[in-house]
Amino acid sequence: MNNSHQNMEDRLWEYIDGTIPESEKTFIAQMVQSNQEWKTKYAELLEVHQLLHTHMEMEEPSMRFRQNVMEEIAKFQIAPATKSYINKKIIWGIGGFFVVMLAGFIVYTFSQVNWQDAGSTGSLPVDISKLDMSKVFNNTYTNIFIMVNVVLGLMLLDMYLNQKKKKGFGV
């Protein structure tokens, strides 16, 4: 009963709005003329429709509405989102891993130096011209890994210095 009542109301609204297909328009017009229930519902919905169009005016926001909203939002200090969900220990752990890897590469590089063959004629204890770095830096992946480590290390240094600068200014 309720479903058929809702269906009747939907069809009458479509009829009043003029969005119903022509084939159903004649059927609904006949139902409104012949059936008392359809007729009373049609009169009720038509009255609501007329009230909506005659007595209700759509309120428009003021010309400064957007400006007012932005000024209200600007009053509140919005905390940076990254502080809430990034764990500093994880960042320092990743930075430490890259520092250890770079230190490992440096230790490996110095372990490949033949210290006995290095001449003592120069001012340096090692003759740089006799160092063979091709053993260490012959792989493309190694070079890429070192470059990524250097960039990440510089970013970590920048973050650290910015943090010290902010603490120094009392921000």
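The values are calculated or read from the model by the stated rules, or taken from the named source; none is laboratory data. For clarity, every value in this text was computed on a predicted model and none was experimentally measured. All Cβ positions, even for glycine, are placed from backbone atoms using ideal geometry, and neighbour counts span all protein chains on display. The protein model used for the area step is the full one, side chains on, heavy atoms only, and it has no ligands, DNA or RNA in it. Shrake-Rupley method; radii C 1.70, N 1.55, O 1.52, S 1.80 Å.
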Just one of 41, 25 is without any contact (Cβ under 8 Å) to a residue 12 or more places away in the chain and surrounded by 11 or more Cβ atoms within 10 Å (Cβ to Cβ); which is it?
-> 25
Residues of segment 153-171 satisfying the condition of being hydrophobic (A, V, I, L, M, F, W, C), open to solvent by 60 Å² or more (accessible area, probe 1.4 Å) and at pLDDT 70 or above = 154, 155, 157, 159, 161
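Restricting attention to segment 94-123, and to residues there that are of a type in the set (A, V, I, L, M, F, W, C) and either open to solvent by 90 Å² or more (accessible area, probe 1.4 Å) or in contact with a strand residue (DSSP E or B) (Cβ under 9 Å, 6 or more places away or on another chain) (or both), which single residue is modelled with the lowest pLDDT?
As a first pass, look at segment 94-123 and keep what is of a type in the set (A, V, I, L, M, F, W, C): 94, 97-103, 105-107, 110, 113, 115, 118.
With the extra rule that they be either open to solvent by 90 Å² or more (accessible area, probe 1.4 Å) or in contact with a strand residue (DSSP E or B) (Cβ under 9 Å, 6 or more places away or on another chain) (or both), the set shrinks to 97, 100, 106-107, 110, 115.
Numbers: 97: 89, 100: 91, 106: 86, 107: 87, 110: 78, 115: 62.
Applying the filter and picking the extreme gives 115.
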With the checklist (1) β-branched (Val, Ile, Thr); (2) at pLDDT below 85; (3) under 30 Å from residue 150 (Cα atoms); (4) open to solvent by 80 Å² or more (accessible area, probe 1.4 Å) in hand, flag the one item residue 78 doesn't pass.
-> (3)
So the helices (runs of 4 or more DSSP H) completely within segment 1-66 holding 2 or more residues that are over 45 Å from the mean Cα position of the chain (by Cα) and of a type in the set (Phe, Trp, Tyr) are 36-55
